Amino acid sequence: MRRNLITAVAVAGALSLGAAAASANTVLKLGTVAFPGIPLGDSMQEALVDNINTISGGKLTIEPHYRGSICGEQKCGEQANQGLLALWTSSTANFGNFGTALAIFDLPYLFKTLSDADKVANGWLGDARCEVAANTTQHRCFEIFASGGFRHLGNAKGPVHHPDDLKGVKMRVTKSPIEYTLIKAWGAVPIPYDWTQLYQGLQTGVVEGQYVQVPWQRIAKLHEVTKYYTGIGGSWGGNHISMDLRQYKKLSDQEKGWLRKAMTEYGDVARARDQAWVIETTEKMKTEITEWYDPNPEEMTAWRKGAIGAWKKAKGTYDGKQAERALAEQGLDGFIVALKQAGAL
C-alpha cells in the first residue's frame, strides 16, 4: 500500500508539473479577414503562425481565425482592446476607426511604384507611424504591407485614358472620404456601394465602374462585367498587423523577441508574394478584357492633379513633413510643388 501511495503521489506530481508546463505556454489569438489560398493568408499561416511555433519551440503560439470568422476588420481591433483576442489585421483605412496614425498610407500617389511603397512602408515611415499608433491608439503595430498592390480603374462604359473620359461615370466607392473626394475630382459620380453586391450592381448599371486592386477585382470576377481598365494606380492597398499594447507589454522579453522575429519574416514574405500576385493576376486579366490602358506621362499628371483635392480634404490627418520626405525620396518633386501650391503640404 505504501508503495502504491508513493507511486500515486509521484504520478499526481508529474501530472501537475505537466499541466503547469502546458499552462505556461502563451497562446495569442489572431482575428483576420485574410485566409489561406491568397498570398496574404498563405504568408500568415506559413511565415507567422507556423514559424513562431518553430522559433519558440512551441512556447509561444498563434491561434488564427481566418475569413472574418470571429470579427470584421474594425471589430477585430475593438476586440483586441477588450482582451478578447490579441492580434488583428485590417486595411490601413479601417485602422482609422482608432485614429489617424496610419492615415498617411491612404493618400493617393504617395507612392510611385510597388517597390517604392514596400521600401518606404517597411522603413522609416512605417516605424514612425507605428510609434504614433502605439502612443495614441493602444495598438502595437508590427508590419505595414499591401494586399493586392495599387487600386486601378475598371469600368463598363468604354475606354478611359484621361480624367475627362470619366466624367459622369457612376463609380462605386467605399465609405472613405478620401476615395469619395478623389473619384469626384476625376469627374465621376461617386456612389457608396457594398462590395458583396458590386457584381450585381455592375450588371444592372446601378454602378458602372470601380476603383479596386486588380487581384481582388479578378477574385470577384468584376472583369466579366467591366471590360475597360486604366492602370492609374494612386491609392495603395495598405494593411497592417497589430497587437493590443497592454497585452504586448505583458509578454516576457523573450516572447517579445520571438514575436518580433516572426513578424519581420512574415512581412518580408507577404510583401514578396503580394508583388508576384499583382503581376500574375494583372497579366491574366489583360487577356480577358477589351482594353488595358497605361496613361502616358502627360495623362498621369492630370490623374495626379485630381488627387490634390483628396490630400487637402485629409489635411490634418497626416504629417506633412513625413509625406514630403516620402515623395522626395521617390523623385516626385513636381507633385510636391503642386501639393504645396494647393496648400496640401
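The values are calculated or read from the model by the stated rules, or taken from the named source; none is laboratory data. Computed from a predicted structure; not experimentally measured. Here the Cβ positions follow ideal geometry from the backbone for every residue, glycine too, while neighbour counts run over all protein chains shown.
Annotations for the structure displayed:
- The C-beta contact set for segment 177-188 (first residue free of Cβ contacts under 8 Å to residues at least 60 places away in the same chain and crowded, with 23+ Cβ neighbours inside 10 Å, second residue part of a helix (DSSP H, G or I) and not charged (D, E, K, R), distance under 6 angstrom, 6+ apart or interchain) comprises Ala188/Leu166.
- Candidate set from segment 265-292 (those that are loosely packed, with under 14 Cβ neighbours inside 10 Å and polar (S, T, N, Q)); member that is farthest from Gly148 (Cα to Cα): Thr290
- Of all residues in segment 189-210, those that are surrounded by fewer than 23 Cβ atoms within 10 Å (Cβ to Cβ) and assigned to a helix (DSSP H, G or I) total 9.
- Test for Ile289: is it aliphatic (A, V, I, L, M), closer than 30 Å to Gly343 by Cα and either in contact (Cβ under 8 Å) with a residue 12 or more places away in the chain or in contact with a strand residue (DSSP E or B) (Cβ under 7 Å, 6 or more places away or on another chain) (or both): no
- Considering Gln213, Gln247, Gln254, the condition of being over 19 Å from the mean Cα position of the chain (by Cα) and buried (at least 16 other Cβ atoms within 10 Å of the Cβ) is satisfied by Gln247 alone.
- Checking every residue in segment 170-184 against the condition of being among the polar types (S, T, N, Q), modelled with pLDDT of 95 or more, outside any helix (DSSP H, G or I) and in contact with a helix residue (DSSP H, G or I) (Cβ under 9 Å, 6 or more places away or on another chain) gives zero matches.
- Some residue of segment 231-239 being more than 22 Å from Phe95 (Cα to Cα) and of a type outside the set (Lys, Arg): yes
- Residues of segment 163-176 that are over 19 Å from the mean Cα position of the chain (by Cα) and surrounded by 18 or more Cβ atoms within 10 Å (Cβ to Cβ): Pro163, Asp165, Leu166, Val169, Lys170, Met171, Arg172.
- Of the helices (runs of 4 or more DSSP H) that lie entirely inside segment 234-345, those containing 3 or more residues that are closer than 30 Å to Glu224 by Cα and β-branched (Val, Ile, Thr) span 253-286.
- Candidate set: segment 313-330, residues that are out of contact with any helix residue (DSSP H, G or I) (no Cβ under 7 Å at 6 or more places or on another chain) and modelled with pLDDT under 95; chosen: the one surrounded by the fewest Cβ atoms within 10 Å (Cβ to Cβ): Gly316
- Exactly one residue out of Gly309, Gly267, Gly331, Gly233 is in contact with a His (Cβ under 7 Å, 6 or more places away or on another chain) and among the small types (Gly, Ala, Ser), and it is Gly233.
- Matching residues, segment 225-267, being of a type in the set (Asp, Glu) and touching a residue at least 40 places away in the same chain (Cβ under 8 Å): Asp244, Glu255, Glu265
- Only one of the numbered conditions (1) in contact with a strand residue (DSSP E or B) (Cβ under 7 Å, 6 or more places away or on another chain); (2) on the phi > 0 side of the Ramachandran plot is violated by Gly187, and that is (1).
- The lone exception for Val33 - which of (1) in a helix (DSSP H, G or I); (2) surrounded by 19 or more Cβ atoms within 10 Å (Cβ to Cβ) it fails: (1)
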